[in-house]
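Contents: one structure, followed by commentary.
The values are calculated or read from the model by the stated rules, or taken from the named source; none is laboratory data. All values derive from a computational prediction rather than experimental measurement. Because the Cβ atoms are built from the backbone with ideal geometry, glycine has one as well, and the counts that use them run over all protein chains shown.
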Amino acid sequence: MMMMPALYSAALLLLLPGALTEISDPVLIDVVVENSLLDTHPLTYTTHVAYRGILLGALKRLMNSNENFKFTYTEDPNYGPYLESVNGVAGDDKDHTYWELLVKTPDGKIIRPDVGIGCYIPTASEKIILKFTKW
Ligand code: B12
């Protein structure tokens, strides 16, 4: 019986290196802002997200650290945060414009996530594309 605490400590020490990597490694991502309706150059920003953290957190961190990036969102009762504007350009229901969320994975594929900025969990080296477009 006296051995039990020591055994537990040994087991905990074996588990720790993995656990520590997870909490200390920030996940680097690029955020690309594109306007498909105007002939403007895409802007690329680099930021990071916490391990298994949501995109919304990364966008807030980017806004707080870079005065050239800003965004606003509204709160949908069912689906959470809806990306409303980026760098002063807002989507408008009347014009059928919105900010589409796309992701370019490290192997070059472009995917359209089936969740919004409050649910999407970026992984390392992804390019998050915020694309102003029409529906
Ligand atoms: C039409 C539609 C859109 C239209 C809305 C146009 C409009 N203003 O009318 C547009 C093209 C803008 C759109 C965009 C997106 N959508 Co959408 N959309 C729908 C759809 C097909 C119908 C919604 C609807 O009209 N409901 C009827 C009305 C009466 O109810 P409502 O509550 O008022 O509807 C509003 C919300 O649904 C809101 N809305 C629509 N999409 C989204 C997405 C998010 C994340 C939020 C917070 C709100 C939201 O817009 C509606 C009108 O105001 C649903 C699927 C479905 N069948 O329900 C998906 C759906 C809601 N969309 C979804 C997604 C993922 C997106 C995008 C994130 C896709 C992307 N990768 O870019 C983007 C939002 C990006 C952003 N800016 O934050 C998901 C949400 C799932 C989730 N848990 O996050 C759904 C469920 C489809 C799916 N993949 O299964 N969408």
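The number of residues in the range 55-79 being touching a helix residue (DSSP H, G or I) at 6+ places or on another chain (Cβ under 8 Å) and either away from the ligand (no atom under 14 Å from the Cβ) or modelled with pLDDT under 95 (or both) comes to 2.
R52 meets the conditions (1) away from the ligand (no atom under 13 Å from the Cβ); (2) basic (K, R); (3) touching a His at 6+ places or on another chain (Cβ under 7 Å) in every case but one. The failed one is (3). Pairing each residue of the range 50-69 that is under 17 Å from L83 (Cα atoms) with any residue that is in a helix (DSSP H, G or I), provided the two are 6+ apart or on different chains, yields C-beta distances under 6 Å for F69/L62; F69/M63. At least 2 residues being closer than 24 Å to D25 by Cβ and under 18 Å from the mean Cα position of the chain (by Cα) is the threshold, and among the strands (runs of 3 or more DSSP E) wholly inside the range 35-135 those reaching it are 43-49, 97-104, 127-134.
With respect to the conditions (1) within 10 Å of the ligand (Cβ to nearest atom); (2) over 17 Å from V33 (Cα atoms), Y98 falls short on a single one, namely (2).
Taking the stated definitions as given, is Y82 aromatic (F, W, Y), without any contact (Cβ under 8 Å) to a residue 40 or more places away in the chain, surrounded by fewer than 18 Cβ atoms within 10 Å (Cβ to Cβ) and more than 9 Å from the ligand (Cβ to nearest atom)? So Y82 fails the test.
Evaluate the following for G88: is it among the small types (G, A, S), on the phi > 0 side of the Ramachandran plot and touching a helix residue (DSSP H, G or I) at 6+ places or on another chain (Cβ under 9 Å)? Against the criterion (among the small types (G, A, S), on the phi > 0 side of the Ramachandran plot and touching a helix residue (DSSP H, G or I) at 6+ places or on another chain (Cβ under 9 Å)), G88 does not qualify. Got at least one residue in the range 47-55 being at positive phi and out of contact with any strand residue (DSSP E or B) (no Cβ under 9 Å at 6 or more places or on another chain)? The answer is no; no qualifying residue exists.
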